[in-house]
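In what follows, a structure is listed as structure tokens, so that the remarks can point back to it.
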Amino acid sequence: MLQYLSKRLLQMIPLLLGITIITFAVIRLAPGEPTDLQTQLNPKVTVEAWERLRAYYGLDKPLYRQYLDWLWRLLRLDFGRSFSQDNRKVIDKIAERLPITIGLNVLSMLLIISIAIPIGVLSATHQYSFFDKFTTVFVFIGFAIPTFWLALLLMILFGVNLGWLPISGLKSLDYESLSFLGMMTDRAKHLILPVFVAAFGGLAGFSRYTRSNMLEVIRQDYIMTAKAKGLSENRVVYKHALRNALLPVITILGLSVPSLIGGSVIFETIFAIPGMGQLFFHSVMSRDYPVIMGILVLGAVLTLLGNLLADICYGVVDPRIRLEGRKG
Amino acid sequence: MDKIPKMKITILSAFLTLLLLMLGSCDSCQERKETVKEPALEEPGEPAYGDTIVVGSIGDASNLLPPLASDSASFDIIGLVYNGIVKYDKDLKIVGDLAESWDISPDGLEIIFHLRKGVKWHDGVEFTAEDVMFGYRKIIDPNTPTAYASSFEEVKEAEILDKYTFKVTYKEPFAPGLASWGNLVVLPQHLLEGEDITKSPLTRSPVGTGPYRFVEWKTGEKIVLEYNPDYFEGRPHIDRYLYRFIPEQATMFLELKAERIDEMGLTPLQYRRQTNSPDFLQKFNKYRYLSFGYTYLGYNLLEPKFQDIRVRHAISSAINKQDIVDGVLLGLGRVATGPFKPDTIWYNPEVKRYPYDPEKARALLEEAGWVDTDGDGILDKEGEPFSFTIITNQGNEQRKKSAEIIQRNLKEIGIEVKIHIIEWAAFINDFIDKKNFEAVILGWSLDPDPDQYDIWHSRKTKFKEFNFISYKNPEVDDLLVKARHTMDPEERRKYYFRFQEILAEEQPYTFLYVAESLPAIHSRFKGIEPAPAGIGYNFIEWYVPKHLQKYTK
Amino acid sequence: MIKQREKSIFWSRLSRNKLALIGGVIVIILFLIALFAPWLSPYDSGKIDVTRILEPPSREHPLGTDELGRDVLSRMIWGSRISLAVGFVAVGILSIIGVLLGSLAGYYGGWIDSVIMRFVDIMLCFPTYFLILAVIAFVSPSIWAIMIVIGVFGWMGVARLIRAEILSLKEREFILAARSQGARDLRIIFRHILPNALSPVLVSAILGVAAAILTESALSFLGIGVQPPTPSWGNMLTAGKDNIDIAWWLSLYPGLAILITVLGYNLLGEGIRDALDPRLRD
């Protein structure tokens, strides 16, 4: 296991390098320059001062030098300072928002799994039934409905008309004065809509994937054999088939990290949640290059870790993989 | 208001909004005649202390150290935490803030400020002339990345006469001088001395002398201020000021309707169509007043086709400006005729106007040689069709809609218009600064002082300067210089009247509209008295009667 | 070289799947609407009338008018063209890149395969949506920029699919035969391998069109989608959201249009996938 892990970690190094190269390329090849934001504010900035700023950020050096300098700083976990007027460290700006985004995504992921997998399994075992068709349409509606529209409709219904749930934000204004239980309820109430909206869109992928895996496994010989041996249908399905059908789902879990993070831009904006998606969008619109690059690199690294975690889980559950790891 | 962080709109006009912003919140510059308060149920109640006001903002603040800030969210906070030396009162007269009084020498070159005694910074240290000097030095320091240095560069010398007396001497009489000593230049020296102010903790947790003390700033979420019990003008009535960031206009409006925020700026559609139910009007008061700024269509005068004055006249006549005011602003604003706010003393009502007249426009274009020779519906001249692109910044609904109406208007007289909407940073850098555009829809915020040297003088056409349409008129140059060095308001006014006549005649911009500010405020807040300066000038006197208070800790 | 028998199995399985058929019908209807937009649209979709803004549906304007007094029905009809164009061009681009890189990797193997597949792995690590957002904002949004960027950052799945197909086909007899007869690589790839590997790409392309339409609407929400006055369902929905409580028709129709279209493509795509999948044969 340890060997497998260290091998996997070694394999990550070229990927990490590639991630930094692509991040750098995407940002630096786009038109415009990082010093823009600071100079544009200031009618008094002369062309000489502008040149000075360029030199300060190393923009007068050849591209490969800029890249190497940036990489060297990254290696020391120095993401630089934001170009925006607050001039804060990029790492601080990301750190205060990352937990919110990750927390929300973990919650919606849990919700997705707990709904999508039963749906997938049941619609496989009852293929072409009404339930199968109904859930197919249901999960696809979740995928197909524009997130922000759904969010807005739910906010109007539950927030304004019924008044059951708060509309936006993460906690009430009087949060600090609440009892512990009150705080928890308050938090939970605020999370219901965003988590639901984020999860609804992700149901389709997982439930369909589970369904087709399950269909395939059910048809395999050993399940047929088990059935033939007279084991009860339920027992076969839920004991033998399910386990094998769910294994690949773990991998998909790891792979879906980036799309979940990506989607957070929309629901964080509409629900006024101060997470990383909002920060990223704001940075893009103001060309805050250090923050943009920081989030891209960090987002990609998170995905890598997510994949690694998924593979490890897979390895734990499925002995075949462990062997492979040792051999290779 | 607009759909995007206000920051984006204000950055370019930061220089012009400077004085306005320095002297308090954005509301400090409105007009009495236009101020209409929609009726709401008035409940009597004695002024009382307590409660919290929750203000919704579409953008987060960025930097709370006055010289470094440039977005309106930051200035909303700065206006409550810091004081200036002078400020505008409700009638837009300059009055003392941290200054008790001042003397101006007869030649207009020297100003001596007599400062209030015994004013304390929020950390208890006394405020003195040293703090003013420190702030002044920081703002003219070339290493300070501030947008507000230019009017302080007219100062020849600044001196501390004693602990409470501060003297400035100008190189030559400078009319906007007095007003420039607002809240950008008073900084707590004892907290900033010897530090790189761009990295100071005060950029995120300000310490001022103002009516409210800073409590906390949760990035992307909220800023909380609490009343300053020792404020020199008396304790503010409302205990807490909570500034909430909601990046999405639709969400913010829902929060308002659910009474989870107490104040926000409405869009014209919200004002006209979405806030008239008895229920809403019972919960909220709506206000409207003309804002200090205008929106225009500017032509790049380096483009040969726009150099022909007949073409500019034709386009001005072909654009149905009333349609824009009716359709985009829903009547909540008025057609602009020049670069000053109507109903200020600087505004010249007698200038040439260009009412909607497509026939006249066609005739003018024909005279200028633009005819549709190939019958494709688009005018052409020497084989080149009359087609141009209007650029505007991303995120401003009103400008976007105006562009669509203009596009339609010009199509009717045979001019093809393309619209290109560009994200702000690229808009400024790749298009405006490099003069890489044909026509642009943009707005200027104005301040009560009429100086517009930076926008119209022909020396201001260089890289990154504000006369990016490259307008050159020797008489205008002369008028602008004379006006800013004249202390007598009557004489200044004459110069600016002539200046407006020339602009109206030459149409380097087609002036489009002046919009109204449309705040809605929860009806439990009393003591709001609309004035030429808007509503924010007497914020410390707003109160909630005891029995109506909502947030009681 | 799908045999005739396989084809008929495919069609019979597809036609048994009612949801897929519904999806197919939706897709066809949309095509027809987009194709005949000039004839179907009752008004000039750009005709502004500020005296008639936000009018509810009526006989004159069956779907009401928008915030500049334009006819919503006409804009919906023209918007179908834009939305479909965004979907198809973006998917065209990503399919071409994906097929090209995927077949190179699968056919040649070795270091070419390693390099391309590591590149795929790297690209898959990024939140694609973030990359799209950054680039669109930097190059400024035009309908072409949107299509190209969605395409350029979305090809990885296709590349993986094609590579896997090719790996399994490569060793099949008819390929080996072609090779032994001295056919050139390119010819083998284009004549013999790709036609057999394309069916999974077809499925992913159909699903991709749906995803691209959604991406455009999300970009529109952030203000960097298809720009006015060109109507797309995404920017119409966005414009409608601010007036959702007084002019529900402004957001309802484009919202439903996106929902139904994406649903249609997904049902069709899934149906085809099931019908093609040899593992799911009864």
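The values are calculated or read from the model by the stated rules, or taken from the named source; none is laboratory data. Values in this document were obtained by computation on a predicted structure and should not be read as measured data. Because the Cβ atoms are built from the backbone with ideal geometry, glycine has one as well, and the counts that use them run over all protein chains shown. Areas reflect the complete protein model, heavy atoms only, side chains present, ligands, DNA and RNA absent. Shrake-Rupley method; radii C 1.70, N 1.55, O 1.52, S 1.80 Å.
Results, tabulated for the structure shown:
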{"quantity": "Restricting segment C:5-42 to residues that are touching a helix residue (DSSP H, G or I) at 6+ places or on another chain (Cβ under 6 Å) and over 21 Å from C:Leu256 (Cα atoms), the residue that is surrounded by the fewest Cβ atoms within 10 Å (Cβ to Cβ)", "calculated": "C:Phe10"}
{"quantity": "Spans of strands (runs of 3 or more DSSP E) in segment B:130-218 with at least 2 residues in contact with a Ser or Thr (Cβ under 6 Å, 6 or more places away or on another chain) and open to solvent by 30 Å² or more (accessible area, probe 1.4 Å)", "calculated": "B:155-162"}
{"quantity": "Yes/no for C:Ile148 being touching a residue at least 12 places away in the same chain (Cβ under 8 Å), assigned to a helix (DSSP H, G or I), within 14 Å of chain A (Cβ to nearest Cβ) and under 20 Å from A:Ile261 (Cβ atoms)", "calculated": "no"}
{"quantity": "Segments classed as helices (runs of 4 or more DSSP H), wholly inside segment A:230-313, with at least 2 members that are open to solvent by less than 10 Å² (accessible area, probe 1.4 Å) and within 14 Å of chain B (Cβ to nearest Cβ)", "calculated": "A:257-270, A:276-285"}
{"quantity": "Subset tally (residues that are in contact with an Asp or Glu (Cβ under 8 Å, 6 or more places away or on another chain) and surrounded by 12 or more Cβ atoms within 10 Å (Cβ to Cβ)) for segment C:48-63", "calculated": "6"}
{"quantity": "Top-ranked residue of segment B:381-414 - restricted to ones that are part of a loop (DSSP other than H, G, I, E, B), away from chain A (no Cβ under 14 Å) and of a type in the set (Gly, Ala, Ser), ranked as least open to solvent (accessible area, probe 1.4 Å)", "calculated": "B:Gly414"}
{"quantity": "3 or more residues under 31 Å from the mean Cα position of the chain (by Cα): qualifying helices (runs of 4 or more DSSP H) within segment B:272-380", "calculated": "B:278-283, B:309-318, B:321-327"}
{"quantity": "Spans of helices (runs of 4 or more DSSP H) in segment B:415-515 with at least 1 residues over 28 Å from B:Tyr289 (Cα atoms)", "calculated": "B:474-484, B:489-506"}
{"quantity": "Every residue from segment B:90-129 that is touching a residue at least 24 places away in the same chain (Cβ under 8 Å), under 27 Å from B:Gly527 (Cβ atoms) and open to solvent by 40 Å² or more (accessible area, probe 1.4 Å)", "calculated": "B:Lys90, B:Asp91, B:Ile94, B:Arg116, B:Gly118, B:Lys120"}
{"quantity": "Only one of C:Ala210, C:Ala218, C:Ala164, C:Ala177 that is among the small types (Gly, Ala, Ser), open to solvent by less than 10 Å² (accessible area, probe 1.4 Å) and in a helix (DSSP H, G or I)", "calculated": "C:Ala210"}
{"quantity": "Residue identified as out of contact with any strand residue (DSSP E or B) (no Cβ under 9 Å at 6 or more places or on another chain) and under 30 Å from B:Ala531 (Cβ atoms) among B:Ile139, B:Ile112, B:Ile104", "calculated": "B:Ile139"}
{"quantity": "Hits in segment B:242-261 - residues which are assigned to a loop (DSSP other than H, G, I, E, B), within 7 Å of another protein chain (Cβ to nearest Cβ) and open to solvent by 10 Å² or more (accessible area, probe 1.4 Å)", "calculated": "B:Pro247, B:Ala258, B:Arg260"}
{"quantity": "Segment A:89-104 residues that are in contact (Cβ under 8 Å) with a residue 60 or more places away in the chain, paired with ones that are of a type in the set (A, V, I, L, M) and open to solvent by 70 Å² or more (accessible area, probe 1.4 Å) (beta carbon under 9 Å, 6 or more apart)", "calculated": "A:Ile91/A:Leu77"}
{"quantity": "Subset tally (residues that are of a type outside the set (Val, Ile, Thr) and in contact with a Lys or Arg (Cβ under 9 Å, 6 or more places away or on another chain)) for segment B:104-133", "calculated": "10"}
{"quantity": "Number of positions in segment A:155-206 that are among the basic types (Lys, Arg) and in contact with a helix residue (DSSP H, G or I) (Cβ under 6 Å, 6 or more places away or on another chain)", "calculated": "1"}
{"quantity": "Test for C:Leu100: is it open to solvent by 20 Å² or more (accessible area, probe 1.4 Å), at pLDDT 90 or above, in a helix (DSSP H, G or I) and away from chain A (no Cβ under 11 Å)", "calculated": "yes"}
{"quantity": "Lone unmet requirement of (1) surrounded by 23 or more Cβ atoms within 10 Å (Cβ to Cβ); (2) over 30 Å from B:Ile535 (Cα atoms) for B:Asp374", "calculated": "(1)"}
{"quantity": "Filter pass, A:Ser108 being surrounded by fewer than 15 Cβ atoms within 10 Å (Cβ to Cβ) and hydroxyl-bearing (Ser, Thr, Tyr)", "calculated": "no"}
{"quantity": "Lone unmet requirement of (1) charged (D, E, K, R); (2) closer than 24 Å to B:Ala69 by Cα; (3) touching a helix residue (DSSP H, G or I) at 6+ places or on another chain (Cβ under 9 Å); (4) modelled with pLDDT of 85 or more for A:Asp92", "calculated": "(3)"}
{"quantity": "Some residue of segment A:77-87 being within 14 Å of chain B (Cβ to nearest Cβ) and either on the phi > 0 side of the Ramachandran plot or part of a helix (DSSP H, G or I) (or both)", "calculated": "yes"}
{"quantity": "Selection status of B:Gly220, of a type outside the set (S, T, N, Q), facing chain A (nearest Cβ under 10 Å) and in contact with a Pro (Cβ under 6 Å, 6 or more places away or on another chain)", "calculated": "yes"}
{"quantity": "Residue within segment B:420-427 that is of a type outside the set (Lys, Arg) and open to solvent by 20 Å² or more (accessible area, probe 1.4 Å) present", "calculated": "yes"}
{"quantity": "Count of segment C:109-128 residues which are open to solvent by less than 30 Å² (accessible area, probe 1.4 Å) and either modelled with pLDDT under 90 or closer than 14 Å to A:Met293 by Cα (or both)", "calculated": "4"}
{"quantity": "Residue satisfying condition, being within 10 Å of chain A (Cβ to nearest Cβ), of a type in the set (A, V, I, L, M) and buried (at least 21 other Cβ atoms within 10 Å of the Cβ), within set C:Ile224, C:Ile193", "calculated": "C:Ile224"}
{"quantity": "Filter result for B:Lys550 (part of a loop (DSSP other than H, G, I, E, B), free of Cβ contacts under 8 Å to residues at least 60 places away in the same chain and open to solvent by 20 Å² or more (accessible area, probe 1.4 Å))", "calculated": "no"}
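Rundown of residues vs (1) part of a helix (DSSP H, G or I); (2) within 7 Å of chain A (Cβ to nearest Cβ); (3) closer than 29 Å to A:Leu305 by Cβ, yes/no style:
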site	(1), (2), (3)
C:Tyr107	yes, no, no
C:Ile112	yes, no, yes
C:Ile116	yes, no, yes
C:Val120	yes, no, yes
C:Ile132	yes, no, yes
C:Val135	yes, yes, yes
C:Phe138	yes, yes, yes
